[in-house]
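Data block below; observations after.
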């Protein structure tokens with residue numbers, strides 16, 4: 001039986017948790033809503049997937065190569081407040097207490113680290129299955145044999161393999177970059193081809209396979225489509241560079257078994273942040289005889 005590797009897109013998951021929960025703070029006033037949401041999600045994943053190893057990836061603090069390709073990349077995003085960024089080190093502290101290594105590489109996004117980890121470890125070992133946890137649909141392109149995309153929908157864990165990606169999106173995982181290159185991505189401020197929506201993009205890729213295949217057959221397309229694609233050729237190929245996840249970064253990953261039983265370090269962590277529900281749930285024997293916690 002293959003071992004399971006949990007690959008966490010921390011930036012994406014923390015962002016979602018921050019906005020999903022109302023403001024919370026610890027005894028010292030430190031904001032904690034993103035941390036609380038992340039910790040809760042982590043333990044749910046442990047219960048739902050029972051992974052053996054974990055690696056967490058974060059976005060670069062510096063501008064990435066994508067800003068060099070397109071200066072307006074993500075320019076529409078609101079700058080996150082300090083109360084969000086102050087919680088990221090706490091999330092990293094929690095992950096360290098669970099023996100989950102964290103990675104960040106200047107100039108690259110968490111997606112690129114995840115893609116390169118999968119590529120590297122698959123070359124080294126064939127005894128691993130990878131479970132990518134993120135809300136970023138760009139990562140669907142990595143799904144393949146032994147690689148799954150996971151996200152919670154309406155409180156239930158959704159695990160997508162190649163077949164389910166095809167059913168959900170209409171194209172194969174390998175075609176996701178071509179699909180997004182035509183559609184664009186409003187969340188990343190990437191404009192798409194005018195007049196091309198999801199159904200048209202799916203139809204074109206089912207018939208011609210790739211962006212290259214579509215452009216090699218422009219003469220077979222209706223005039224409206226042909227004109228739109230011809231006028232957007234540079235945009236489409238630029239988009240392809242933006243949405244394609246890197247899989248060739250030089251990253252060294254040492255897998256350490258996950259610590260799935262909470263210990264003293266987590267007890268102290270929960271106390272410090274005032275996470276009473278986790279203390280009750282994971283350390284019931286210890287809190288029964290102690291006063292001052294609640």
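Quick note: the coordinates plus some simple rules give every number you see, no bench work behind them. Keep in mind the model is a prediction, meaning the values are calculated, not measured. Cβ coordinates were reconstructed from backbone atoms using ideal geometry, including for glycine residues, and neighbour counts include every protein chain displayed.
On the beta carbon distance between residue 215 and residue 163, with R0 = 30 Å, the FRET formula returns roughly 0.60.
Would the stretch 144-211 count as rounded, prolate or oblate if I go by the C-alpha gyration tensor, calling it rounded below 1.5 in a/c and otherwise prolate when a/b exceeds b/c, oblate otherwise? Oblate, since a/c reaches 1.5 and b/c is not below a/b.
Comparing 80, 41, 182 in a Gaussian network model of the chain (Cα springs below 10 Å), the most mobile by mean-square fluctuation is 80.
The antiparallel fraction among DSSP beta bridges confined to the stretch 18-150 stands at about 20%. The C-alpha atoms of the chain define a longest principal axis, and helix 10-20 lies at about 70 degrees to it. For the residues 186, 79, 247, a GNM of the chain with alpha-carbon springs under 10 Å puts the largest fluctuation on 79.
When the chain is treated as a Gaussian network with alpha carbon springs shorter than 10 Å, the biggest mean-square fluctuation among 18, 36, 208 belongs to 208. Compared with the dominant Cα axis of the chain, that is its longest principal axis, helix 264-273 is turned about 80°. Here the gap between residue 153 and residue 272, fully extended at 0.36 nm per residue and compared with their Cα-Cα distance, gives a gain of 39.8 nm. How many nm is it between the label spots at residue 186 and residue 23, if each spot is 7 Å from the Cα in line with the beta carbon? In this crude spin-label approximation the distance works out to 2.9 nm. Ordering of 215-224, 155-164 by packing is 155-164, 215-224, highest average first (other Cβ atoms within 10 Å, averaged per residue). Cα extents for the stretch 173-243 along the principal axes, largest to smallest and rounded to whole angstrom: 32, 24, 20. Between residue 264 and residue 126, the contour length at 0.36 nm per residue exceeds the alpha carbon distance by 46.2 nm.
Each peptide in 187-193, 2-8, 122-128 was scored by the mean count of other Cβ atoms within 10 Å over its residues; highest first, the order is 2-8, 187-193, 122-128. Label separation (residue 227 vs residue 83): 5.1 nm, computed from points 7 Å beyond Cα along the C-beta direction.
If R₀ is 25 angstrom, what is the calculated FRET efficiency for the pair residue 76 and residue 106, using the beta carbon separation as r and rounding to 0.05?
Working: r = 23 Å, r/R0 = 0.93.
The computed FRET efficiency comes out at 0.60.
On the beta carbon distance between residue 234 and residue 200, with R0 = 22 Å, the FRET formula returns roughly 0.65. Distance between the C-alpha centres of the stretch 107-141 and the stretch 1-69: 15 Å, rounded to the whole angstrom. Axis of helix 33-49 versus longest Cα principal axis of the chain: the two differ by about 80°, to the nearest ten degrees.
Computed extension length for residue 250-residue 50: 69.2 nm, one decimal, from 0.36 nm per residue of separation with the Cα-Cα distance subtracted. Considering only DSSP beta bridges with both partners in the chain, what is the antiparallel share in %, to the nearest 5? Rounded to the nearest five, the antiparallel share is 35 percent.
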